[in-house]
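Only one structure is covered here, and it is reproduced in the block below.
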Amino acid sequence: MKFLKEKQAEDPMFFFSFDADEDNKVRNIFWSYGVSRSCYEEYGDVVRFDTTYQTNRYNLKFAPFVGINGHGDNLLFAGAVLSDETIQTFRCLFSTFRACMSGKAPISIVTDQDGAMRVAIEQEFPDATHMNCLFHIMSKAEILLGTTLSGNPKFAMDFYDIVYNCLTK
């Protein structure tokens, strides 16, 4: 709390929120810097959201909200650490994100294929287009098509060309 309050003292636009369990232990923390909030206002139409990283000794999931600016650079709009990946946790997180961003929801959101995340997005960002991440799709496709791709170089070349160089929606 001390760190978050110091950041808020340095940056009046810094936003943070957290919740605690019945034992008063922190479960989830959300934050966004002032510059990140300004960037979201300008470039927040498409958001990439992912929780595949467990990078701390407490086994909490890191959940970044990421976008891309007009120069193709990644922008961190907000971040969170989550104790679990339930519908309720995601709903609370997405609601907090929207409140932090002055009510602006993304037009499109790209995620992995998590079922709880999908339900929460439908409920909290009902007008957003939800898309699955190409990395996750291709990882599964390569597992399922492994012998076909490795055994038929022409098919593999055509397959990757269609996926990565498609000229239509």
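The values are calculated or read from the model by the stated rules, or taken from the named source; none is laboratory data. All of these numbers come straight from a predicted model, not from anything done at the bench. Here Cβ is always computed from backbone atoms with ideal geometry, including for glycine, and neighbour counts include all displayed protein chains.
Key figures for this structure:
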{"item": "Any hit, region 128-146, residues being in the same structural domain as ASP45 (by TED's automatic domain parsing), more than 13 Å from the chain's Cα centre (by Cα), in a helix (DSSP H, G or I) and modelled with pLDDT of 95 or more", "result": "no"}
{"item": "Number of the exception - HIS136 against (1) exposed (fewer than 13 other Cβ atoms within 10 Å of the Cβ); (2) within 29 Å of PRO64 (Cα to Cα); (3) of a type outside the set (Phe, Trp, Tyr)", "result": "(1)"}
{"item": "Qualifying positions in region 8-36 - at pLDDT 95 or above, outside any strand (DSSP E or B) and in contact with a Phe, Trp or Tyr (Cβ under 7 Å, 6 or more places away or on another chain)", "result": "ASP11, PHE14, TYR33, GLY34, SER36"}
{"item": "Residues of region 31-48 satisfying the condition of being of a type in the set (A, V, I, L, M, F, W, C) and in contact with an Asp or Glu (Cβ under 9 Å, 6 or more places away or on another chain)", "result": "VAL35"}
{"item": "Test: residue in region 75-90 that is touching a residue at least 12 places away in the same chain (Cβ under 8 Å), surrounded by 14 or more Cβ atoms within 10 Å (Cβ to Cβ), farther than 29 Å from GLU42 by Cα and outside the structural domain of ASP21 (by TED's automatic domain parsing)", "result": "no"}
{"item": "Residue within region 103-115 that is without any contact (Cβ under 8 Å) to a residue 60 or more places away in the chain and over 23 Å from LYS140 (Cα atoms) present", "result": "yes"}
{"item": "Candidates SER36, SER17, filtered to the one that is touching a Leu at 6+ places or on another chain (Cβ under 7 Å), surrounded by 12 or more Cβ atoms within 10 Å (Cβ to Cβ) and more than 17 Å from ALA116 (Cβ to Cβ)", "result": "SER36"}
